[in-house]
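J.: Here it is, the structure, as C-alpha cells.
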Amino acid sequence: EPPPEPPASPVAARPPEAEDPPAADRLAGLLDLKPTIQMRGRVEADAVLASQSEQSKATLGDLMNGYGFRRVRLGAQGTVGDSTSWVSEVELAGGNVRLRDVFVGLDAIPGVRQVRIGHFREPYSLEGMTSSNFITFLERAPQNVLAPARNWGVCGFWWPDDERVLFSVGAFRDGTPSNGQSLGDDGNWAVTTRLTGLPVYEPDEDAFRLVHLGGAFSQRVPPNGVINFTPRTGSNLLSVDDNPGSPFLAPVDIPANGYQLYNLQAAGVWGSFSAQAEWSAAGVQQTDAGSVFVHGSYLAVSYFTTGEHRGYNRTRGSFDQVGVRRPLIRSRTDPRGGWGAVELVARFAYLDFTSPNLPPDANGFPAATRLYEFTTGANWYLNSYTRVMLNYTAGIPYPVGAPSTVAHIFGVRYALFF
Amino acid sequence: EPPPEPPASPVAARPPEAEDPPAADRLAGLLDLKPTIQMRGRVEADAVLASQSEQSKATLGDLMNGYGFRRVRLGAQGTVGDSTSWVSEVELAGGNVRLRDVFVGLDAIPGVRQVRIGHFREPYSLEGMTSSNFITFLERAPQNVLAPARNWGVCGFWWPDDERVLFSVGAFRDGTPSNGQSLGDDGNWAVTTRLTGLPVYEPDEDAFRLVHLGGAFSQRVPPNGVINFTPRTGSNLLSVDDNPGSPFLAPVDIPANGYQLYNLQAAGVWGSFSAQAEWSAAGVQQTDAGSVFVHGSYLAVSYFTTGEHRGYNRTRGSFDQVGVRRPLIRSRTDPRGGWGAVELVARFAYLDFTSPNLPPDANGFPAATRLYEFTTGANWYLNSYTRVMLNYTAGIPYPVGAPSTVAHIFGVRYALFF
Amino acid sequence: EPPPEPPASPVAARPPEAEDPPAADRLAGLLDLKPTIQMRGRVEADAVLASQSEQSKATLGDLMNGYGFRRVRLGAQGTVGDSTSWVSEVELAGGNVRLRDVFVGLDAIPGVRQVRIGHFREPYSLEGMTSSNFITFLERAPQNVLAPARNWGVCGFWWPDDERVLFSVGAFRDGTPSNGQSLGDDGNWAVTTRLTGLPVYEPDEDAFRLVHLGGAFSQRVPPNGVINFTPRTGSNLLSVDDNPGSPFLAPVDIPANGYQLYNLQAAGVWGSFSAQAEWSAAGVQQTDAGSVFVHGSYLAVSYFTTGEHRGYNRTRGSFDQVGVRRPLIRSRTDPRGGWGAVELVARFAYLDFTSPNLPPDANGFPAATRLYEFTTGANWYLNSYTRVMLNYTAGIPYPVGAPSTVAHIFGVRYALFF
C-alpha cells in the first residue's frame, strides 16, 4: 500500500511525479503493455511491555511482553497498461505465510473505476482503510474487532472526476483464512458497502484542510454458524493477525446465522492538527437465543509540532503518507535537512460488549464487559518512509459484576515501508 | 516462467526485444558480470463450484466449492553474464512456502546448452512443460497424475542452432517434498528423458503454423517403497499442489520397488486453431503382486475468434505466451486498442485405472476406475499477461462393478503473471 | 548481504562504483528521499552424503544423506536518503518462513555510525559475521554452536574514518525464534560486544595483504532457564537452521540462569593465500550443579590457484566477495574470459565438550565428547556470484569412556547469490 490505482489522486504531501509523457507516446507505451513491477514491503520492529496488578492478571490473564516483528511484509505491485493493476503482498512474520493484499484490479470497464478481485480489505472503516504505514497509533482502536478486515472477494469502486465522493460495494467470503483459500459449501458470504465524501478539501500545502465524512454497512453470514469477535487465545500483545482481537475482552463464541456491521466515520485536518472519530456496531441474530448488539467508538487527535500535516488519499478515502519537511540527513550544514517531524497523539476509545444476550465466555463465566482505553504517545518521522512510534495505553475493562482493573501497556515501534 | 534460457528462442508472438549491442560492448558487459535480477510471479484467483447427485457424493465424497487462490507465486530470475542463469520462485498460497522453480543453470559448458541444478520440472509431458500461465484449461488433464512434476535434480538440455529438435535427460530425486529437501538413505531416484521436434515451424505472424511431436520416458524408484498416483485426501477442488490428483479417483497405495513412465505427445497450430494430444502411462512392478499398468490420454482443441495464435517456446518445447493484438486499454478512441482476445476451448480426456492387479483403495474397496472427463470453456485475454478463464467440466468416473455418476464442475479464474 | 551500510568500505576486489555526483546534486537527491529498493537472495543447492561404520551409527545415529537446498533466501534491501538503511530477507527452504536479516539501520545519529534495530547476527565470531556467500566451507566449524547467531535486538556500530578498527555492542533477546517473535516476561537477554582491528591492510590488488585480529564477549540469560548448544534432534546433514548443531555431539540440556561466551579471532591474507583461526568458549552457571566450561577452535587455510584473493569488508569486519579475474563466459576467444577461479581449502577443528559437570544427554548417557574434525575441498568460482563447492569431512568424536569412530561426509554445493 498504496495500491496501484491508475487514476490515483496524488497525496497532497508527495512531491510531484515526473511529467506525463505526451499523449501519443503514452498510448504507444500502453499498447506495448509490458507489466510494470515494483517491490513493496514494510518492516515494523516492536517492543511491547505490560504492567498489571495481580487482580488484573487474575481477570485478563498474564499479558506477556513481546519483542519482535508486528509486520514483515514483502511483495510486489504493478500495472499492465492502463487496464489492469495488481498487488501481491504477504506477511512473513510469525513463521507462516499469510496473504495480505493479493488482488488483480480491472481498470478499464466502462461505468466503474475499478473492479478488484482477490484478497483485500473490505471497504469499511476509516482506520481499517488506512494502511498500517499511516495509522496514528501502534494498534487500531478496540472497535476494530467489529471490522471485517481482509477476505476473498470481488469489489467495485466508483468516484467522480473531482474525487470528492467515493463509493464501493463488494461481495466477500466471510472468514477467509489467511492462506487465501475458503473451501466448503457453506454460504458464508458478505456484502459490504462504504460511502465517504469530502465536504471540505483544500490541498494547499501551507493551509491544508479537509473534512471526511462517511459510513459503511455489511450484511454477513459467518462460516460454520459461529461468530467470534474476540478470537484471541492467550494474551499476545504482538499478534501478526490482520485484525487482532483486544487483549481486554473475554473470548466468546456466538452461534448465529447472520449478522450486520454498521460504521460511521468522521475526520478533519486543519493544518498540523487532525481529529478522527468512528462508531462501529454489530447486530447478531443468534441461532437459539435473542439478538446481540455490541458497539464501540473512539476519538483520536494528533498534532505535528514541526509543521507537517497528515496525508490523504482521495481514491481510497483514507489517510496516507506524511510529507516530512526537514528529513533527517547526515549533512548537518544543509538548511533543508533537519531532525524529521514529530507528531503528538492521543486517543480515547470505548467498547460496549454488555449486550444482555451475549453467551458466556469460553470458561463459562459471564463475558459482558465495558472497556475504556486511553492511549497517548508520539511519532517521530525520520523521513516520509520511516518512523519511531511511542505509545502508552491504559486499558480499563469493566466486567459486568466484577471490579475493574487497569493494565498499562508501553510500546515502541521502528517502522519502515518501501 | 519463462525461465531465463540465455539463447532463448523468441516466442513468435512477442514484440522484438531491443537490438543487441555491438559485440565488443556486449563482451565488456559480460565481463563486468553483475547479476541481472528480475521479479517474477503470478496471481490466480479462482472460484470453483461443484454440482453432484447424492449418488455421486456417496461414491466420490462431497466435492466442496472453493474460493481463493490456485497460485500466488513470487520470486526472481536472472543471469550472471552469459554463463549462469537462475530462477528462485515459491508458492505462497496455502499457508506454507512451497518451492517451485528454484534452480541454477550453467550455460557455458561445451557440449551442452544448459545444465540445470536444483528443483524444477522433470522434462516430460507437453502439458507439464507448459507453464500454468499458458495452459489452455484451469487444470491440466487427468493423465497429469502420471507425470513427475517438479523434483530436486540435475538435468542437461541440448538443441541444434535451428532449435527444431530438443533433447533433455536428467537424474532426479523421486518424491522430493515441496520444502525442497529430500533426506534419507533410500535410493528413490529417477532418470527422465524427453525428445521433441518441430517437423513444421513457420513463424510468420500472419500464417503461424507448427507441428510438435515428441515422447518422454522415466525409470523411477519411489520413496519408501510406495507409489501413490492419487494422493488426494478429501476432495479439494482448489489444491495448491504442484501436481494435484484427480478428484474422481480413489486413493490407492501401490507397494513397489520400481516403475516406468511413458509419454507420447503431439500438437499442431494452424493460425488461430490449435490441437494438442498426449498419451501417458505407468508400469509398476509391485513388490508382492503382479504388475500394474495404468494409462490415460486427452485431445484438446482451441480457437481464437480474434485472430491470435498460441505462442511456442522452442528451447522449452512447450506452448508459451499469446501476443494479444488489440489489448484492452482505457482509451476508447485509439484503433489499436480493443477488447482483448477470446479463445474457445474444448478437451476430452480419458484415464484407465482398471489394471487387474491394482490394490484396493484406502477403505478396502476396489479402486479400479475408468474416467471420462469433458471440459469446455473460454479464455478472455485482456492483454498478453492477464486473462479470465471460464471452464465447465463433466467428470464421469466408471468404478468397475459400480454404476457411473456425473459430477459437474464450474470454474472461473482471474489470472495475471509478471 | 552485503547489507546496506551507507559509508560502506568498498570491498577491495570489487570494480569501482560510478563516481559520486557533485555534492550539491547529491544533497538534492537525499532530500527527495525516495527509498531505494534492491532485491537480494541466494540459492544453495546441496547434496550431502555420509559414510559410517555400524559402530558409528550406533553412537551417533544414522547420518542420512540429504539432497536439496541448504538456503533459498529472498528479500530486499535499500536506503532512505543517507539516514536510514534496511534489509528484509527470509529463508524459504524447509517449508516455513524463517526470518534472517530483517532490520532497520539508523545512520545519521551523531556519535555512532549505525544503530541497527531488528533481527540480525549478534556481532561475534569472524566465521559468523562472514556471510554464507563468502564462507570457505559448506558449513562453519563446529565451534559455531557456541556463537549466538541471529536474534532480535538493538546494536550500535563504531569505526574511525580509516576503518581500521570496528567496535560494536548490542542488547539482544536470547533465543529469539526464527519467526521473529520473542514473547514472554522472562529476562532472556544478552549483551554482546565485539572489537576487531586491521594492524595490516594493504588493498593493492596485485599484492593484497591484511591481518585481522579481534575478540568478542557475550553475557547471556537463556530462555526458560535452559541452554542447549546441541539442539539437533535426529541427524540432519542438511539443516536450514541459522546455526545448526554438530551431528557429532549428543544433545544436552544444561539448566542455567546465565552464561558467558568468549571468542578470539585472527586471520591473514597474503595475496592468494589466507589463514583464519578462532577460539570460542562458553562458561555456564548451572542452576543446581557446578559450572560447565566448553570450548573449541579451528584453523583454516585457503589458496587461489588462479591468482585471486579473498575479499574483506572493513565496516563488517568480515570476509567478503572474491573478485574473479577471468570469469567463465561462453565466448571462447576473448582473452579476458576464462574458466573462473579455483580455491583449495583445508580446515582442522577441535571441540572440547568434556567439562566434568556436563549433565547426561537426552537418553541419560554421559555426553562428554572431544571432537576432531578435518575438512578439505575446493571451490570453483564461475564468477564473483556463483560457485561450486566440494567438501570432504572426517568427523572423529571421542565420547569419554567409549571408543572413537570416524564418520565421512561428502558434500557438493552449487551456490549463487544476487
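J.: What's the local net charge at B:Gly271, with K and R +1, D and E -1, over the other residues with C-beta under 11 Å away? List each step's numbers first, then the result.
T.: Working: positive: B:Arg209, B:Arg310; negative: B:Glu202, B:Asp204, B:Glu205, B:Asp206, B:Glu308.
Its environment carries a net charge of -3.
J.: Check A:Arg71: other-chain or 5+ apart residues with amide H under 5 Å from its amide H, H built from backbone geometry?
T.: It is A:Glu44, by chain and number.
J.: Further, regarding this structure: At 7 Å along the Cα-to-beta-carbon direction for both A:Ala58 and A:Thr333, put a label point, then send me their distance in nm to one decimal.
T.: 6.7 nm
J.: Then there is this: Which ³J(HN,Hα) values in Hz, rounded to whole numbers, follow from the phi angles of segment B:108-120 under the Karplus curve 6.51 cos²θ - 1.76 cosθ + 1.60, where θ = phi - 60° and Gly and Pro get x?
T.: Rounded to whole hertz, the list is 10, 8, x, x, 8, 5, 8, 10, 10, 10, x, 10, 6.
J.: From the helices alone, meaning DSSP H stretches of at least four residues, give me the mean residue ellipticity at 222 nm for chain B, per-run term -39500 (n - 2.57), in deg cm²/dmol to the nearest 500. Could the numbers behind the result be given before it?
T.: Numbers: 3 runs with 21 residues, N = 418.
So the calculated ellipticity at 222 nm is -1500 deg cm²/dmol.
J.: Moving to a separate point now. Using a 10 Å cut-off around each Cβ of peptide B:44-55, what is the average number of partner chain Cβ atoms that fall inside?
T.: Working: counts 2, 10, 2, 5, 1, 1, 1, 0, 0, 0, 0, 0.
Per residue, the number of nearby Cβ atoms from other chains is 2 on average.
J.: Something else: To the nearest whole number, what is the average tally of beta carbon atoms from other chains within 10 Å of the beta carbons of peptide B:327-340? Write down the numbers at each step before the final one.
T.: Numbers: counts 9, 10, 11, 10, 9, 2, 1, 6, 0, 4, 8, 0, 1, 2.
For peptide B:327-340, the averaged partner shielding equals 5.
J.: Dipole of chain B (Lys/Arg Cβ +1, Asp/Glu Cβ -1, origin at the Cα centre): which of B:His408, B:Gly395, B:Gly283 lies farthest to the positive side?
T.: Farthest along the dipole direction, towards plus: B:His408.
J.: Using θ = phi - 60° and the Karplus curve 6.51 cos²θ - 1.76 cosθ + 1.60, what whole-Hz ³J(HN,Hα) does each residue of segment A:273-286 get, with Gly and Pro shown as x?
T.: Those phi angles translate into 9, 9, 9, 8, 9, 9, 10, 10, 8, 10, x, 10, 8, 5 Hz.
J.: Another one. Once the label point is set 7 Å along the Cα-to-beta-carbon vector, what list of distances in nm do you get between C:Pro255 and its counterparts in the other copies?
T.: Sorted ascending, the copy-to-copy spacings read 4.7, 4.7 nm.
J.: Any idea what angle helix B:23-32 forms with the longest principal axis of chain B, computed on alpha-carbon atoms, 0 to 90 degrees, nearest 10?
T.: The helix B:23-32 is inclined about 60 degrees to chain B.
J.: Here is a follow-up. Counting only other chains, what is the mean number of Cβ atoms within 10 angstrom of the Cβ of each residue in peptide B:169-180?
T.: On the way: counts 0, 0, 0, 1, 4, 0, 0, 2, 3, 1, 9, 12.
What the average comes to for B:169-180 is 3.
J.: Using a label point 7 Å beyond Cα on the Cα-Cβ vector, give me the inter-copy distances for C:Trp270 in nanometres, one decimal, shortest first.
T.: The projected label point of C:Trp270 is separated from its counterparts by 7.7, 7.7 nm.
J.: Tell me which of C:Leu106, C:Ala266, B:Asn357 sits at the most positive position along the dipole axis of the protein assembly as shown, charges placed on C-beta atoms (Lys, Arg +1; Asp, Glu -1).
T.: C:Leu106
J.: If you count, for each residue, the other Cβ atoms within 10 Å and average over each peptide, how do A:73-79, C:212-218 line up from highest to lowest? All intermediate terms of the calculation are to be shown ahead of the outcome.
T.: Numbers: A:73-79: 23.0, C:212-218: 21.1.
The packing order, highest mean first, is A:73-79, C:212-218.
J.: Taking the DSSP beta bridges in chain B as the whole, what percent of them are antiparallel, to the nearest 5? Before the final figure, lay out the partial values.
T.: Working: 168 of 170 bridges.
Antiparallel bridges: around 100 percent, rounded to the nearest 5.
J.: Determine the per residue accessible area of chain B with all protein chains present and a 1.4 angstrom probe, expressed in square angstrom.
T.: Details: 14630 Å² over 418 residues.
I get 35 Å² per residue for this part.
J.: Say the dipole of segment C:36-417 comes from +1 at the beta carbon of Lys and Arg and -1 at that of Asp and Glu; which of C:Leu213, C:Val252, C:Val322 then lies farthest toward its positive end?
T.: Final value for the positive-end residue is C:Val322.
J.: Sequence-distant or interchain residues sharing an amide H contact under 5 Å with B:Thr306, placed H: which?
T.: Amide H to amide H, under 5 Å and 5 or more residues apart or across chains, B:Thr306 pairs with B:Val342.
J.: Same structure, new question: Mind running the shape call on the protein assembly as shown? Use the C-alpha gyration tensor, a ≥ b ≥ c as the square roots of the eigenvalues: rounded below 1.5 for a/c, prolate if a/b tops b/c, oblate otherwise. Don't skip to the answer; put the middle values down first.
T.: On the way: a/c = 1.26, a/b = 1.00, b/c = 1.26.
The shape class here is rounded.
J.: Let me spell out the model: positive unit charges on the Cβ of Lys and Arg, negative unit charges on the Cβ of Asp and Glu, origin at the Cα centre of chain C. What dipole size does that give, in debye rounded to 20? Intermediate results must be reported in sequence, preceding the final value.
T.: Working: 34 positive and 41 negative charges, 144 e Å.
The dipole magnitude comes to about 680 debye.
J.: Relative to the other copies, what are the label-point distances for B:Pro356, with labels 7 Å from Cα along the C-beta vector, expressed in nm at one decimal and sorted shortest first?
T.: The answer, with the shortest distance listed first, is 7.7, 7.7 nm.
J.: Further, regarding this structure: What are the ³J(HN,Hα) couplings of segment A:64-76, residue after residue, when phi is run through the Karplus curve with 6.51, -1.76, 1.60 and θ = phi - 60°? Round to Hz, x for glycine and proline.
T.: 7, 5, x, 10, x, 9, 6, 8, 10, 10, 9, x, 8
J.: Let me ask something additional. Using a cut-off of 29 Å between alpha-carbon atoms, which lysines can reach A:Lys34, once sequence neighbours fewer than 8 places away in the same chain are excluded?
T.: Cross-link targets: B:Lys34, C:Lys34.
J.: Is the shape of segment A:37-417 best called rounded, prolate or oblate, per the rule: a/c under 1.5 gives rounded, else a/b larger than b/c gives prolate, else oblate, with a ≥ b ≥ c the square roots of the Cα gyration tensor eigenvalues?
T.: Numbers: a/c = 1.61, a/b = 1.17, b/c = 1.38.
It is oblate, given that a/c is not under 1.5 and a/b is not larger than b/c.
J.: While we're on this one: List the longest stretch of chain A that has no exposed loop site; here a site is one of the GluC sites (Glu not before Pro) assigned by DSSP to anything other than H, G, I, E or B, with at most 10 other Cβ within 10 Å. Intermediate results must be reported in sequence, preceding the final value.
T.: Working: sites that count: A:Glu17, A:Glu19.
Longest stretch, sites excluded: A:20-418.
The values are calculated or read from the model by the stated rules, or taken from the named source; none is laboratory data. Just so you know, these numbers come straight off a predicted model, no measurement behind them. Note that each Cβ is placed from the backbone with ideal geometry, even for glycine, and that neighbours are counted across all protein chains shown. Side chains included, ligands, DNA and RNA excluded: accessible areas come from the protein's heavy atoms. Shrake-Rupley method; radii C 1.70, N 1.55, O 1.52, S 1.80 Å.
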